[in-house]
Structures are given as structure tokens and as C-alpha cells.
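The values are calculated or read from the model by the stated rules, or taken from the named source; none is laboratory data. Predicted model, so just to flag it, every value in this text is computed and none were measured. Note: ideal-geometry Cβ built from the backbone for every residue, glycine included; neighbour counts use all protein chains shown. Note: areas computed on protein heavy atoms with side chains; ligands, DNA, RNA excluded. Shrake-Rupley method; radii C 1.70, N 1.55, O 1.52, S 1.80 Å.
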Amino acid sequence: MYSLERTRLSRPRRRAAVAAQVAVFAGVMMGFGALAIDLGRLYTARGELQRAADSAALAGVSSYFSDAGLLQDAPALGTMARSRAGTLALRNPTLGAYTQLESPDLVLGTLDVSDPHSVLDTSGGARLNAVQIMVRRTEGSRNGPVDFLFAHIFGRAHGGVVASATAVVDDRYAGFRTTEINQILLPFTIHRDYYEDMLVSGGDQWTFEDDRPVATSDGVPEIKLFPWKLSGHSSPEGAGNFGALNIGDEDSGLPPIAWQILHGISAEQLERTLGTSTLIFYDAFGNPVAYEIPGTPGMKAAMEDELHQREGDVVAFFLHDAYWDSGSRCTYRIVDIRFGRVMHVDLTGSPKNKALLLQPVAYTGPGVIVSEHAPSSQGAAGYARLVR
């Protein structure tokens, strides 16, 4: 009887103890659940912030494919990169709120493209080619911290996350592939030495504004493809300095070169002349590769109408480093391709005023081939890519 009575009395005590344990355990589980929700919120914010940083870095580094990039105008580059990066950051919200980029968190510098883990050089002593971005959701930042939903129960009202990204211009330009969507290659060539000289000391009479060439300087020298002296054979200033190349043929009803000025050299035309539509100028060992193409020095006034129709367009043209013979028997050794915008054409005026002027552009469109075996093109062509 005593034992039965004691058992009956102990049951409420056990029930009370179990209830207390359940209450404690439930509280702990709710705490862990709340912590998991807020940690998940931090994790989500970190992923969205990284996406914003990646997009901003790629947008910022695209500034190098501009006149400011060609000129290595650091102040103008910084302004353009911050504008582009800031716009892309805003387009990638974090936890439903705009992601803002703070000016000190974008850094221009130089990165060794062959070693993505190298330290970003911000000394300004080398050619700028990279953008480093940091985006913050922290206390004191413009975006503010990540507010917790439940962790404030434990005395934590918010947390912070940071994301960074670095993008670089890989300008180890090795070749060009012509397809139906990028027939921008014109049948003209100029001596490489003269081209490089004009990049530094060429005339500066034109700029591109409101989608058209305007006769005013902008700090970017023009490349004068024609005319040059047509006598002498020992220097780039002599015969063969400029060439109109004979590439393929075209059943269009127009002379081949006129068709190619209007439409660009086709892949089929390149294949007829060179056996390939993919021109590679550095092989897998880093050795230069050249192509021999027949042509004729000089330019005819009959080309002017077609060239006028290309004013304002970005086109590609060839560079050569040697030539043989003269007149219609001339052969050019083609060693590279460069890009420019057609700014001015005059083939029928007085000899001193005749000119075909192109403004060099940094090209990142379709067809560009980059290779670890090619040297830097000094920003002439390449691709932007994330490295970390």
C-alpha cells in the first residue's frame, strides 16, 4: 500500500520534470532554429554580394576598352570604371535592397595575367589592366549591416559580410577568327613600324561624338593609312608602306575590293587565299607566325564612295613588316591585325589633303583569340575576365 501510494505521488513530479526538460529543450531548439535562419540570411547575403562584386568588377574593367584605356588616362579610367561598376552593383540587389559601391572600394592596378594570384600593383609604374572591387554589408558602410530576425534575442541585432572580386584585361592577343557575325576585316595593310609610330605621334584632328566623326581633337592620335611615299624600298616610308590586298574573289557584281570595303572580308575569301579563316600570329611555343598576301601599293579614288559609307564604323586592318617587288606584283608579309574607327576619307582632293584616317580602338568583340603564349598587345585587343 505504501509503495503504491509513493508511486502515485511520484508521477506528477516526473511529469513536471519532463515538462521542464521539454520546455528547456524547446527553447534551445528554437534558439538554434533562429540562429540557423539568421546564418542562412548571412549566407544568402554573402552570395548575392559576391554576384554584385563579380558583375561590378567586369563592368569596371571594361573601361580599359575605351579611349581612356588606350591613353592610360588614370583619372578618366577611374571615373568611368566607378560609374560602370556602380551601375552594375545597383542592378544586383542584396536581400532585396540596392547594393551600393563606395568609391574607395574600387582600385585600379596592374596584374600579372599569367599569375592570377599575384599581388595587384597600384604603384602606377606599369600599364594599368585590372580592377579590384570590394562590396560591403557591414555596420558603417553605405549598404548597412545584415539585420538579424531572431538573433537579437541573444544580444546580436545584425551581422556583416564582405565580398571582393578582381577582373583583368587579358590582352595576350594571338589572332583573329573571321565568321559571318564579325566580317569587319578590310583588305588594307600598313607597315607595323609606321603604325606603332603613329600611335604615339600621329595627328589628332578627329573625335567620335553622337555616333559620328567630328573634326576636333580628343587626345587620341589617328592612324593615317593613306597616302604615303610610293618610292624607295628600304623603309616603311617607301613603296609598299600602304597596300590594298588581293584576297579571294566575290561574285557580287562589284569589284572584290569594293565589296570587301562595304561588307568586310569573308571567311570563304580568306580560305581561298590562305587556306584558313582563323589567322594565328603566335604559335603554341610563342613563335611569331606570318602570312604572305599579294597586293598593290596605293589606293584608288574609286574606293572613296565605299569608304565614306564606313565612316564611324569599327573595322580591322592588317599590319605587315616586310614586302617584296612593287606594283601589282607586290607581296606583303602580314604579321598582325589591328582595329580602328573610320574617321575621315578624302581620296580625290589635292595630294596634300588626301587621307584615309582611322582612330585606333581597343577591341574586345567576337573573333579575338587570346593565348598564354602571346605577348601583351598593350591593350589593343583582348578579353575581360574574372581572376579571383
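Taking the criterion of being touching a residue at least 40 places away in the same chain (Cβ under 8 Å), among the acidic types (Asp, Glu), farther than 27 Å from ALA81 by Cα and not in a strand (DSSP E or B), would at least one residue in segment 171-180 satisfy it? Checked against the condition, which is being touching a residue at least 40 places away in the same chain (Cβ under 8 Å), among the acidic types (Asp, Glu), farther than 27 Å from ALA81 by Cα and not in a strand (DSSP E or B), segment 171-180 yields at least one hit.
Contact map, segment 102-114: first residue over 11 Å from GLY124 (Cα atoms) and touching a residue at least 24 places away in the same chain (Cβ under 8 Å), second residue open to solvent by 30 Å² or more (accessible area, probe 1.4 Å) and assigned to a helix (DSSP H, G or I), Cβ cut-off under 7 Å, separation 6 or more or different chains; pairs are LEU106/ARG82.
Residues being at pLDDT 95 or above and aromatic (Phe, Trp, Tyr): count how many of those fall in segment 331-364. Number satisfying all stated conditions: 2.
Scanning segment 117-143 for residues that are assigned to a strand (DSSP E or B) and of a type in the set (Lys, Arg) gives ARG136, ARG137. Restricting attention to segment 261-279 and to residues that are more than 27 Å from the chain's Cα centre (by Cα) and not hydrophobic (A, V, I, L, M, F, W, C), the residue that is surrounded by the fewest Cβ atoms within 10 Å (Cβ to Cβ) turns out to be GLY275. The residue of segment 178-226 that is surrounded by the fewest Cβ atoms within 10 Å (Cβ to Cβ), among those that are more than 12 Å from GLY340 (Cβ to Cβ) and of a type in the set (Lys, Arg), is ARG212. ARG310 fulfils the conditions (1) open to solvent by less than 30 Å² (accessible area, probe 1.4 Å); (2) assigned to a strand (DSSP E or B) except for a single criterion, (2). Selection of segment 47-67 for residues being within 18 Å of PHE339 (Cβ to Cβ), open to solvent by 10 Å² or more (accessible area, probe 1.4 Å) and assigned to a helix (DSSP H, G or I) yields SER62, TYR64, ASP67.
Quick test of your reading of the structure: ASP38 fulfils all but one of (1) open to solvent by 70 Å² or more (accessible area, probe 1.4 Å); (2) closer than 29 Å to PRO145 by Cα; (3) at pLDDT below 90. Name the failing condition by number. Just one mismatch for ASP38, condition (1). Of everything in segment 165-183 that's modelled with pLDDT of 95 or more and of a type in the set (A, V, I, L, M), which residue is nearest to the chain's Cα centre (by Cα)? Out of the qualifying residues, it is VAL169. Within this structure, ARG333 passes the test of being in a strand (DSSP E or B), closer than 16 Å to PRO187 by Cα, open to solvent by 30 Å² or more (accessible area, probe 1.4 Å) and charged (D, E, K, R).
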